Amino acid sequence: MGGYGRMCAVWLRRHAMRPRREDEGSATVVGIALVVAAAVLVGALAAAGNIVLRQSQARTAADMAALGAASALWRGDGTPCAVAAWLSDANAGSLRRCDVDGDDVSVSVHVPTDVPFVDHVTASARAGPRPCGG
């Protein structure tokens with residue numbers, strides 16, 4: 001090796017194998033960033049899962065309330081909207097709207113979520129007798 005090659009080899013042994021001072025602690029920062037990113041991702045997935053679960057509960061509560069109210073209207077047992085309110089409460093929801101239009105009943109049900117930025121989800125349903133004929 002010539003003079004220049006020897007100087008390069010010496011420099012590489014001294015400097016390239018050691019971390020530079022400005023690199024010290026960079027792995028810690030990257031590690032913390034990865035942990036924070038993973039926590040945010042897990043939180044977002046949990047929030048999305050809770051919203052999907054509550055939407056399903058709201059649809060079930062609205063369907064049950066509408067069917068129960070239409071059945072009560074058809075049988076003449078009590079007021080259909082009282083039956084809808086009772087059924088929506090029994091299915092973890094709260095009745096927000098109940099409209100009787102002839103033989104049909106339309107309801108809207110709220111279900112609260114555990115997500116801070118989405119207070120509740122709402123579902124609507126309609127039930128009544130099936131038209132006869134044609």
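The values are calculated or read from the model by the stated rules, or taken from the named source; none is laboratory data. Predicted model, so just to flag it, every value in this text is computed and none were measured. Counting neighbours? That spans all protein chains shown, and the Cβs are built from the backbone with ideal geometry, glycine included. Remember, those area values only see protein heavy atoms, side chains included, never the ligands or the DNA or RNA. Shrake-Rupley method; radii C 1.70, N 1.55, O 1.52, S 1.80 Å.
Just to be sure I understand, how many residues within region 95-109 are under 20 Å from the mean Cα position of the chain (by Cα) and at pLDDT below 95? Selection size over region 95-109: 0. Evaluation of Arg14 against the conditions (1) modelled with pLDDT of 90 or more; (2) among the charged types (D, E, K, R); (3) more than 30 Å from Pro131 (Cα to Cα) shows that the sole unmet condition is (1).
Residue under question is Ala92, and the condition is that it be on the phi < 0 side of the Ramachandran plot, in contact with a helix residue (DSSP H, G or I) (Cβ under 9 Å, 6 or more places away or on another chain) and at pLDDT below 95; does it hold?
No, not satisfied.
Yes or no: Val30 open to solvent by 30 Å² or more (accessible area, probe 1.4 Å), β-branched (Val, Ile, Thr) and closer than 25 Å to Gly128 by Cβ? When the stated conditions are applied, Val30 does not pass them.
Determine, yes or no, whether Arg59 is charged (D, E, K, R) and either surrounded by 15 or more Cβ atoms within 10 Å (Cβ to Cβ) or touching a Gly at 6+ places or on another chain (Cβ under 6 Å) (or both). Judged against the criteria, Arg59 is a match.
Gly76 falls short on exactly one of the conditions (1) touching a residue at least 12 places away in the same chain (Cβ under 8 Å); (2) open to solvent by 40 Å² or more (accessible area, probe 1.4 Å), and that condition is (1).
Ala69: touching a helix residue (DSSP H, G or I) at 6+ places or on another chain (Cβ under 9 Å), under 30 Å from Gly128 (Cβ atoms), open to solvent by less than 80 Å² (accessible area, probe 1.4 Å) and at pLDDT 95 or above, yes or no?
Against the criterion (touching a helix residue (DSSP H, G or I) at 6+ places or on another chain (Cβ under 9 Å), under 30 Å from Gly128 (Cβ atoms), open to solvent by less than 80 Å² (accessible area, probe 1.4 Å) and at pLDDT 95 or above), Ala69 does not qualify.
Residues that are open to solvent by 40 Å² or more (accessible area, probe 1.4 Å), more than 30 Å from Ala46 (Cβ to Cβ) and either assigned to a loop (DSSP other than H, G, I, E, B) or of a type outside the set (D, E, K, R) (or both) within region 94-127 comprise Val100, Gly102, Asp103, listed in sequence order. Residues that are within 15 Å of Val111 (Cα to Cα) and of a type in the set (Asp, Glu) within region 45-99 comprise Asp63, Asp89, listed in sequence order.
For Thr113, indicate whether it is touching a residue at least 40 places away in the same chain (Cβ under 8 Å), touching a Ser or Thr at 6+ places or on another chain (Cβ under 8 Å) and within 23 Å of Asn50 (Cβ to Cβ). Walk me through it before giving the result.
On the way: touching a residue at least 40 places away in the same chain (Cβ under 8 Å): yes; touching a Ser or Thr at 6+ places or on another chain (Cβ under 8 Å): no; within 23 Å of Asn50 (Cβ to Cβ): yes.
No.
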